[in-house]
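The values are calculated or read from the model by the stated rules, or taken from the named source; none is laboratory data. Just so it is clear, the model here is predicted, and its values are computed rather than measured. Ideal geometry is used to build each Cβ from the backbone, glycine not excepted, and the neighbour counts take in all protein chains shown. With ligands, DNA and RNA removed, areas are computed over all heavy atoms of the protein, side chains included. Shrake-Rupley method; radii C 1.70, N 1.55, O 1.52, S 1.80 Å.
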Amino acid sequence: MYLTNGNYLGQRLVGYECFDSKSKGFIGMSEKQIIDKLKRGERVYGFVLGNVDEKETLMLDVDGFNMTNLQLKSGVNNLSWLNENSDCDMNIALVVVSVSVENGKKVYETVNARHARVEYDESKLKMMIELGIPVAGVKLDKNRITVCEGVEVFEKVKESALQNKADMA
């Protein structure tokens, strides 16, 4: 599961939405449900457990998953940022959930708070990161994109190559 956004009703947090890679759908979860899931050793990429005033609390996983900010829904078509000091002028954040490699070219599947699933090639994703758009699940280091733990990586093999192997057997 991958954290996509928080949901507020006025000033009150009502929960979070996560992308489930198995069902390819979005699931709403309460703060307690996510804390319980993390305590059981299950992963919700984008969150880690931390302690504040001796109380377990959810914290963005900046180091492990590069979740540097979180979009918050607080009404119909109204998105804001958890950290208002965001350097991003655009009101979008992306979460990379998988990478497909076909003929040496990488395609990154992303999700966002508006429940869109979009694929980007490597050069376009680099450009978005360089523009300051928060992209969780990957890090840009020395002009190279590295994938964080939890992002699924798939190698695609050409069907003709599979057919040739089947013919040879």
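Pairs of Cα atoms nearer than 8 Å and 6+ residues apart set the relative contact order; for the chain it is 18 percent. Of the whole protein surface, Met90 contributes about 90 Å² of accessible area at a 1.4 Å probe radius.
For region 1-95, the set of GluC sites (Glu not before Pro) satisfying both a DSSP loop assignment and a count of at most 14 other C-beta atoms within 10 Å is given as Glu42, Glu54, Glu84.
Based solely on its DSSP helices, what 222 nm [θ] is calculated for the chain when runs of n ≥ 4 H residues each add -39,500 (n - 2.57) and the sum is averaged over all residues, nearest 500 deg cm²/dmol?
About -5000 deg cm²/dmol.
Considering only Cα atoms, the convex hull volume of the chain works out to 150 Å³ per residue.
Set the bar at 24 Å for Cα to Cα. Now go through Lys126/Lys156; Lys22/Lys156; Lys73/Lys142; Lys32/Lys55; Lys73/Lys105 and name every pair that lies beyond it. Too far apart for the 24 Å limit: Lys73/Lys142; Lys73/Lys105. The phi-based Karplus calculation (6.51 cos²θ - 1.76 cosθ + 1.60; θ = phi - 60°) puts the 3J(HN,Hα) values of region 3-8 at 5, 10, 6, x, 10, 10 Hz, whole numbers, x for Gly and Pro. Evaluating 6.51 cos²θ - 1.76 cosθ + 1.60 at θ = phi - 60° for every residue in region 9-22, the Karplus couplings come out as 10, x, 9, 9, 5, 9, x, 10, 10, 10, 8, 9, 5, 6 Hz, glycine and proline recorded as x. Once you sort the root eigenvalues of the Cα gyration tensor of region 1-90 as a ≥ b ≥ c, which label holds: rounded (a/c under 1.5), prolate (a/b larger than b/c) or oblate (the other case)? In terms of gyration-tensor shape, rounded.
Of the beta bridges in the chain, as assigned by DSSP with both residues counted there, near 75 percent are antiparallel. Of the trypsin sites (Lys or Arg not before Pro) found in region 40-127, the ones in coil according to DSSP and having at most 14 other Cβ atoms within 10 Å of their Cβ are Arg40, Arg114. Full extension of the chain between Lys106 and Leu140 yields a length gain of 10.8 nm, computed as 0.36 nm times the residue separation minus the alpha carbon distance.
Each Lys or Arg adds one and each Asp or Glu subtracts one; over the other residues with Cβ under 9 Å from the Cβ of Val48, this totals -2.
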